[in-house]
Amino acid sequence: MSFTVDNLLGRLADSYPDREISDVQLRTGGLIYLHTNRGLEIVESLGPVDADSVTAVAAALYSQQTVEIWDDPEAVGGVEKMWALLRSKRVIDFSCDQGALGSPVRMRVQVHLSDHGMGITCRCLRSRITQLESLGLDPMITDSLRELMQRRFGLGLVTGPTGSGKSTTLAAILDWVRRNFQKHIVTVEDPIEYRYDTLMEDPNRPGIMLPCPSLVTQQEVGRHTQSYQSGLKEVLRKTPNIILLGEIRDRETMETCIEAAQTGHFVISTLHTRGAVKTIDRILEFFPKEQQHAILHRLGETLTFVLSQGLLTGFNGRVLVTEYLQNTNEAVSSGIRAYDGSATSLEDALRCKGNQRWNQSLMSLYRAGRISEEVFNSNTLG
């Protein structure tokens, strides 16, 4: 089917008024698929999308990139420029500001090639930041995060697979900090997902706007800094109190995060892991075996919390399952330092007061009738 690209996302939203659309998938010759709070759904009403329509959508999105005065004037162009980049790179990743395809949201986009031709994946980013208490976290975890984020230094990790709500959780944490404390918060993201206003509503006088007590400096990889590694090193010269790094991808970045935490900064970031044990395993994988013992000792000192989360399909929409490890006592610190590849020491740490195990959270959802037995069994950590 061929269609105009004007207000495409708006039309999809109108067709699914009771859904929360997080991703839109277009493939040449295929039906449109949506990731919603009910899982992966097919938009049959529009039929298969032809090659011209996919190209038109890709070009419209590509032309909506924000171009700043210091950008390369040839970095963004028309469909010819987009095709040239695809021929050389085979894939293009970028973000669009509000107004792309008639949508009132910001989007993260990937245009790629596959056996069927051109394909597009659009991640719809929320324009409003969810409040920390509205994320669906256990109140015990919310209270702990509020307390730990007031510390002068440390390393906090929010982990989980793609689409598990990590960015939403990080934004909620930083938004709470910026409204309540005098901090300099610096973010390095790829791309910038949530924007933090310099103003906030007066908590005592609804409708009255006040300057936020915190200063937030946001940088996007590729636009404002060359890479995560260079951005993180540059951040340290900006006298930050809190540093948000969108994702830890390699050894150098991981080591710089630990060093920043050890030298008086609070660093928060993400890893694509599920559970505290897998998170520690992933960190160790960045380093050669002869360095891992020293890294565990450094983590025992700096790692402040690991919040691992996943979004599951429930009977009434998506539900949040979590594992939470807070490093607030010697038993947990010792468990981290003593980790040797077996889960014993960390599992013991997870049983300490104030922590929550993944399977414990999953069982609570199942007993409350919020998820099916099939979802429970397929997401249990062994």
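Values in this text are rule-based calculations from the coordinates and carry no lab data. Nothing here was measured: the structure is a model prediction, and the numbers come from that model. Every residue, glycine as well, gets a Cβ built from its backbone with ideal geometry; the counts of neighbours run over all protein chains shown.
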Fill in the blank from the handout: Given unit charges at Cβ for Lys, Arg (+) and Asp, Glu (-), the dipole magnitude of region 257-382 about its Cα centre in debye, nearest 20, is 360
Practice task
Please go through region 162-234 and write out the trypsin sites (Lys or Arg not before Pro) that DSSP classes as loop and that have at most 14 other C-beta atoms within 10 Å.
Solution key: R195
Practice task
May I ask you to compute the full-extension gain from K233 to Q360, defined as 0.36 nm times their residue separation minus their alpha-carbon distance, rounded to one decimal in nm?
Solution key: 41.9 nm
Exercise for the section: Return the percentage of antiparallel bridges among DSSP beta bridges fully within the chain, rounded to the nearest 5 %. Expected result: 65
Completion exercise
For the chain, the dipole about the Cα centre with charges only on Cβ (Lys and Arg +1, Asp and Glu -1), to the nearest 20 debye, works out at 680
Fill in the blank from the handout: For the chain, averaging the sequence separation of alpha carbon pairs under 8 Å that lie six or more residues apart and dividing by its residue count, the contact order in percent is 13
Handout entry: Efficiency of FRET from Cβ geometry, E80 and D138, R₀ 41 Å, rounded to 0.05
Key = 0.20
Problem - Entries of K166/K238; K233/K278; K81/K278; K166/K353; K183/K289 with Cα pairs more than 32 Å apart - result: K81/K278; K183/K289
Fill in the blank from the handout: Note to self, the chain gives a 222 nm [θ] from helices alone (DSSP H runs n ≥ 4, -39500 (n - 2.57) apiece, / all residues, nearest 500) of -10000 deg cm²/dmol
Handout entry: Least to most buried among H35, H297 (fewest other Cβ within 10 Å first)
Key = H297, H35
Exercise for the section: Using a 10 Å Cβ count of at most 14 others and DSSP loop calls, identify the longest part of the chain lacking such chymotrypsin sites (Phe, Trp or Tyr not before Pro). Expected result: 71-314
